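Each remark here refers to the structure printed beneath this line.
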Amino acid sequence: MVSRAARLYIGLVVSTAAVLVAAVVACDREMQAHFWTPSPGLQHPLAALITLQALFLVCDSGATPMTSRQTRWSPSSSATLAAVVLLGPVAAALVGATALLSLQRHLRLAERLFNGAMYALSGLAAGGAYLACHAVPGLPNSYNLRTILLPFAAAATVHVIANHGLVWGVHRLNRGRAMWRRDGLESNLTLLLASDLGYACLGLVIASLWEIMGWFAAALVLVPLFVARWAMGQFAEQQRAYAATMNALCQAVETKDYYTRGHGDRVSRGAVMIARQIRMSTERTEAIRFAGMLHDVGKLGVPTQVLQKTGALTEDEFAAIQLHPMRGLEIVREIGFLFEALNGIMHHHERMDGRGYPMGLAGHEIPEFARVIAVADAFDSMTTTRSYREAKSIEFALGELRNGAGTQFDPVVVEAFIAAIEKDPWKLPEPAAKPADPTTVTVKDHDDPTAPLRVVEP
Amino acid sequence: MTGGTIARRTPPARMAYWQALDSGRILLMAAAAMLVIAAFAGVVALHPARVNFLAALAFGGFIAFGELFRLALPGGREAAPIAMVGAMAYAMLLALPEQDGRVTYDALMVVAVAAIGMTVGALPHIAAGRSAGLTGMCTRLVAVSCVAFIFRPIVSAGFGNKSVYWVLQVSVIALVFLVGWLVDTLVGALIRADDVGARFSVAMRDEIRLQWPLGLAVGASVIITIFGAKQTGLIELAVFIGPLLVTQLAFRRYAGIRATYLQTVRSLARVTEVAGYVETGHSRRVSRLAVAVGRGLGLAEPELLALEYAALMHDIGQLSLRDPIPGGATLLVSAADQERIAELGAEVIRTARVLDDVAELVRYQSRPARGHEPAPPLGSMIIKAANAFDDMVGSSTDRNRSAAALERMRLDPVEYDAGVVAVLAEVAARRVPSRL
């Protein structure tokens with residue numbers, strides 16, 4: 001699971017951390033002095049160190065998954081930075097190294113080693129930055145707070161950069177190009193950096209309270225942290241429930257039509273693949289996921305007789321089908337997601353040459369979301385079984401997409417989809433068995449570019 | 001938790017603001033106004049040497065900042081936790097390193113600073129065309145005033161001195177904060193009970209259940225702020241605002257997803273309308289009625305939320321039917337078909353695996369109130385009655401029609417629970433023309 005390069009990298013980080021901490025301990029008597037001898041007011045530096053280590057462990061174990069498995073939202077940096085202010089760089093490194101003992105049980109040894117070394121290095125670097133700015137570790141008070149504010153800001157910034165930089169490296173080596181995916185590090189990076197810096201400030205707050213209440217400062221700080229964590233947990237839970245409910249409702253919508261079951265889900269998957277390939281932001285990718293899922297919801301508004309009619313359609317019937325994107329829009333309009341998603345649903349049957357519906361937009365007048373969904377939509381329609389034909393092969397479908405590039409589809413999107421499929425092969429659904437209830441079969445699929453709807457000439 | 005928009009008597013936008021005021025709000029605002037007037041009079045009379053001008057400026061700014069970053073909570077509530085931290089900490093400030101460690105301002109000064117801070121923080125909201133949130137501000141001001149009037153005299157008696165053990169100080173601060181928080185919650189519950197037509201006891205329980213985590217975080221932050229300021233001075237406020245913002249962000253995301261979730265279910269429940277299975281607006285009207293009845297029967301917010309979801313999705317099972325029922329009225333099809341639709345709907349909802357209580361309500365929605373063991377859940381009986389009422393009355397506000405429908409349901413105590421129908425009659429009586 002861990003690539004060789006990543007293993008080397010982890011080894012390097014771990015040994016660097018060990019050597020550096022050892023070197024500092026061995027060579028720099030002065031730096032140790034802050035740590036072993038009591039500074040004014042701080043009678044028990046060792047007790048303080050242990051308290052901060054405990055705080056680090058509690059924070060680390062309470063880390064909440066943000067959006068994915070790798071990126072966790074952990075306020076533990078507050079403990080390290082409190083150690084920077086109170087006890088100096090060596091203590092900060094020792095506090096960071098406690099990540100080795102993390103109570104998160106699922107961690108493998110390599111991960112533990114890396115986390116411990118990474119936090120130790122970050123702590124050491126932050127402590128170094130703090131000293132480099134001519135601040136002296138010790139208890140903050142009203143006289144020296146002004147002078148340590150800037151050094152502290154430097155230390156916090158260095159800590160955040162070191163932390164994320166080292167983690168970025170391991171992701172980069174381990175997953176190669178795949179790290180640009182949503183499940184990599186960069187998801188919500190700004191949010192993550194901002195929250196890390198915010199929590200880093202807490203380190204100074206803990207240090208400020210230390211003279212008055214000692215270890216109780218750490219306990220007190222934990223209260224808002226845990227409440228925030230609770231809220232994040234609730235958020236994640238709601239998000240899961242939301243996705244599940246959405247899925248269930250979409251499935252319910254699709255039950256009417258036997259052959260297109262799962263269509264929304266697959267189009268959503270395809271649209272997300274394209275979105276990642278063309279490097280859409282996380283937020284927009286999330287929106288296109290839902291837009292893909294819901295793009296055909298308006299089909300419910302098309303009378304079943306029309307959907308099931310064999311042969312050519314009358315003008316009116318064709319108009320009824322052409323109306324389905326608008327019907328879909330009508331249903332989802334009030335959902336508070338991005339405006340773009342609504343555009344995507346409304347215009348997913350526009351064509352680049354302007355002969356699509358409902359508006360007849362052409363070229364780049366068509367919103368990007370709609371151009372993406374159109375490709376994923378046509379692809380899934382071709383690669384799944386219909387009542388009038390078997391499923392086509394992926395190669396055939398991609399060929400059709402290429403043929404249609406420029407006239408029906410956006411060439412950029414088509415190329416992006418083909419590139420995405422090369423990296424991450426498309427999983428075809430189980431071929432649909434013959435339906436048990438023939439009344440649930442739509443004869444014509446309006447999405448199928450290989451069998452366009454025919455309209456009776458007047 | 002939510003359901004706020006269902007029976008809330010929020011006035012249409014064109015109604016003037018004062019027309020929307022009810023007696024509870026007027027009382028609250030009058031109290032707040034009197035406090036503010038007294039406070040300004042008191043501050044003018046206060047000896048300039050006792051004002052602690054810098055502290056007032058710092059905390060006022062903090063409060064304004066917090067008011068700027070308000071937090072929308074589930075159920076259409078609004079909180080300003082950071083402003084609350086600032087105001088409460090200012091009300092209970094023990095000492096500052098500046099000026100020989102003494103803080104000499106009085107409770108009226110606290111009220112004045114809080115009022116000014118909140119107003120300044122609310123200005124950008126008004127400028128952006130959002131509501132000023134006057135009710136929330138008044139509630140917070142009253143709570144802060146209570147704390148200030150209790151605590152400032154204690155500080156004047158020397159409680160902030162170095163000789164007082166910090167554990168005692170922390171305990172007293174925590175206790176007084178609890179009082180202030182309870183006042184805040186109580187007033188909030190009173191206003192809310194009045195707004196949505198819930199019982200006060202239920203509203204209070206809902207409010208406590210929803211607000212306690214935030215209250216805990218605010219309480220701890222108040223203690224941190226007070227002691228941080230005591231040790232390192234007012235700069236502490238600037239340092240501490242970062243973590244507070246991050247903590248608030250977590251709450252904001254949580255409330256945001258809750259709102260989107262509800263919106264999505266509301267919108268997707270309309271697929272049955274677009275598909276022609278039910279009349280336009282049916283699911284929304286049924287859910288509104290059902291939540292109002294549930295509230296009248298004293299259901300708590302989590303139950304109301306499940307009821308709202310179930311009522312919105314109660315017809316989802318019809319999607320599995322080949323052809324729409326004429327007019328969509330489930331009342332007109334055979335009992336067996338109704339059971340089947342309910343069963344199919346429950347099946348759909350159960351596939352989500354997170355809404356099993358909602359699925360239960362949907363499943364029993366057509367079961368008669370009497371004569372079946374086990375009896376259907378209360379929520380199902382409410383949906384059954386609300387659905388029947390809407391099938392018979394629809395969006396019409398004709399009183400005769402609604403009276404006839406209620407009469408028909410009253411005469412059938414086996415099908416419809418008498419208690420539910422009685423509350424439904426009350427709700428129907430105060431129905432206003434739907435704005436759908």
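Taken together, the values in this text are just the output of simple stated rules run on the coordinates, not laboratory data. All figures in this text were calculated on a predicted structure; none of them were measured in a lab. A quick note on method: Cβ atoms are made from the backbone with ideal geometry, for glycine too, and the neighbour counts reach across all protein chains shown.
Residues of A:134-145, mean number of Cβ from any other protein chain within 10 Å of their own Cβ, rounded to a whole number? List each step's numbers first, then the result.
Values: counts 0, 0, 0, 0, 0, 2, 6, 4, 12, 3, 1, 9.
That works out to 3 on average.
Give the Kirkwood hydrodynamic radius (Å, one decimal) of region A:201-295, defined as one over the mean of 1/r across all pairs of different Cα atoms.
Values: mean 1/r = 0.0594 Å⁻¹.
Evaluated over region A:201-295, this radius sits at 16.8 Å.
Take the Cβ-Cβ distance between residue B:410 and residue A:109 as r, set R0 to 60 Å, and report the resulting FRET efficiency rounded to the nearest 0.05. It would help to have the intermediate numbers written out before the result.
Details: r = 71 Å, r/R0 = 1.19.
Efficiency computed from Cβ-Cβ geometry: 0.25.
For region B:344-397, treating each Cα as an identical point scatterer without solvent, what Debye log10 I(q)/I(0) comes out at q = 0.27 1/Å?
Log10 I(q)/I(0), no solvent term: -0.98.
Which of B:109, B:180, B:293 sits closest to the plus end of the dipole of chain B, meaning its Cα is farthest towards the positive end, when Lys and Arg get +1 and Asp and Glu get -1 on the C-beta?
So the residue we want is B:109.
Semi-axes, largest first, in whole Å: what does sqrt of 5 times each Cα gyration tensor eigenvalue give for region B:269-429? Write out the running numbers ahead of the final one.
Working: eigenvalues 89, 67, 46 Å².
Semi-axes from the Cα gyration tensor: 21, 18, 15 Å.
In nm, to one decimal, how far is the residue B:429 label point from the residue A:161 one, both placed 7 Å along Cα→Cβ?
7.2 nm
Other chains' Cβ within 10 Å of B:345-357 residues: what's the mean?
4
In whole Hz, with x marking every Gly and Pro, tabulate ³J(HN,Hα) for region B:201-212 from phi via Karplus 6.51 cos²θ - 1.76 cosθ + 1.60, θ = phi - 60°.
4, 5, 4, 5, 4, 4, 5, 5, 4, 7, 9, 5
Computed from the mean reciprocal separation of all distinct C-alpha pairs, what Kirkwood hydrodynamic radius does region A:88-156 have, in Å? Walk me through the numbers on the way to the answer.
Values: mean 1/r = 0.0775 Å⁻¹.
Final number for the Kirkwood radius of region A:88-156 is 12.9 Å.
Mind listing the phi-derived Karplus ³J(HN,Hα) values for region B:243-248, rounded to whole Hz, using 6.51, -1.76 and 1.60 with θ = phi - 60°, and x for any glycine or proline?
Karplus-based 3J(HN,Hα) across region B:243-248 equals x, 4, 4, 4, 4, 5 Hz.
Under unit Cβ charges (Lys, Arg +1; Asp, Glu -1), what dipole magnitude, rounded to 20 debye, does region A:92-180 have relative to its Cα centre?
340 debye
Once amide H atoms are placed 1.01 Å from N in the peptide plane, what residues at a sequence separation of 5 or more from residue A:313, or on another chain, have their amide H within under 5 Å of its amide H?
A:454, A:455, A:456
Assuming 0.36 nm per residue, please report the length gained on full extension of the stretch residue B:27 to residue B:356 beyond their Cα-Cα distance. Write out the running numbers ahead of the final one.
On the way: separation 329, 0.36 × 329 = 118.44 nm, distance 4.26 nm.
Here the answer is 114.2 nm.
Charges on Cβ only, +1 for Lys and Arg, -1 for Asp and Glu, centred on the Cα centroid of the protein assembly as shown; of B:269, A:88, A:12, which one is farthest towards the dipole's positive end?
Of the options given, the answer is A:88.
So what are the three principal axis dimensions of region B:4-252 from its Cα atoms, in whole Å, longest to shortest?
Cα extents, longest axis first: 55, 36, 32 Å.
Suppose the Debye formula is applied to equal point scatterers at every Cα of region A:255-440; what is log10 I(q)/I(0) at q = 0.08, 0.09, 0.13, 0.17 Å⁻¹?
Scattering profile of region A:255-440, log10 relative to I(0): -0.24, -0.30, -0.66, -1.17.
Ordered by residue, what ³J(HN,Hα) values in Hz, to whole numbers, does region B:113-129 give under the Karplus form 6.51 cos²θ - 1.76 cosθ + 1.60, where θ = phi - 60° and Gly and Pro are x?
Here the 3J(HN,Hα) series is 5, 4, 4, 5, x, 4, 4, 4, x, 7, 4, x, 4, 5, 4, 7, x Hz.
Rounded to whole Å and ordered largest first, report the semi-axes of the equivalent ellipsoid of chain B derived from its Cα gyration tensor (root of 5λ).
Values: eigenvalues 531, 86, 66 Å².
Equivalent-ellipsoid dimensions as semi-axes: 52, 21, 18 Å.
What's the angle, to the nearest 10 degrees (0 to 90), between helix B:301-312's Cα axis and the longest principal axis of chain B?
40 degrees
Can you give the translational diffusion coefficient of region A:246-354 in µm²/s, computed by Stokes-Einstein from the Kirkwood radius over Cα pairs at 25 °C and 0.890 mPa s? Walk me through the numbers on the way to the answer.
Working: Rh = 14.7 Å.
The calculation lands on 167 µm²/s.
As I understand it, the dipole of region A:255-440 uses +1 on the Cβ of Lys and Arg and -1 on the Cβ of Asp and Glu, about the Cα centre. Which of A:349, A:388, A:405 lies farthest toward its positive end?
A:388
Given H placed 1.01 Å from N in the peptide plane, which residues other than close sequence neighbours of residue B:78 have an amide H under 5 Å from its amide H?
Under 5 Å from the amide H of residue B:78 lie the amide H atoms of B:73, each far enough along the sequence or on another chain.
Once R0 is set to 51 Å, what does the formula 1/(1 + (r/R0)^6) return for the Cβ-Cβ distance between residue A:22 and residue B:205, expressed as a FRET efficiency to the nearest 0.05?
Working: r = 58 Å, r/R0 = 1.14.
After rounding, the FRET efficiency stands at 0.30.
Let's test the formula: R0 of 51 Å, r as the Cβ-Cβ distance of residue B:280 and residue A:4. What FRET efficiency results, to the nearest 0.05? Don't skip to the answer; put the middle values down first.
Numbers: r = 63 Å, r/R0 = 1.23.
FRET efficiency, residue B:280 to residue A:4: 0.20.
Please give the charge dipole size of region A:255-440, origin at the Cα centre, charges +1 on K and R Cβ atoms and -1 on D and E Cβ atoms. Round to the nearest 20 debye. Spell out each step's value before the answer.
Numbers: 22 positive and 26 negative charges, 73 e Å.
With Lys and Arg at +1 and Asp and Glu at -1, about 360 debye.
For peptide A:199-212, how many partner chain Cβ atoms fall within 10 Å of a residue's Cβ, on average? Don't skip to the answer; put the middle values down first.
Values: counts 4, 3, 9, 8, 2, 8, 11, 2, 3, 12, 9, 1, 3, 7.
The mean count of partner-chain Cβ atoms within 10 Å per residue comes to 6.
Could I get the Rg over Rh figure for the protein assembly as shown? Both from C-alpha atoms, Rh via Kirkwood, rounded to two places.
Numbers: Rg = 31.5 Å, Rh = 30.8 Å.
Expressed as Rg/Rh, it is 1.02.
Compute, for the protein assembly as shown, the length of the dipole vector about the Cα centre, with Cβ point charges of +1 (Lys, Arg) and -1 (Asp, Glu) only. Units Debye, rounded to 20. Please report the intermediate quantities before stating the final value.
On the way: 81 positive and 75 negative charges, 258 e Å.
Dipole of the protein assembly as shown, to the nearest 20 debye: 1240 debye.
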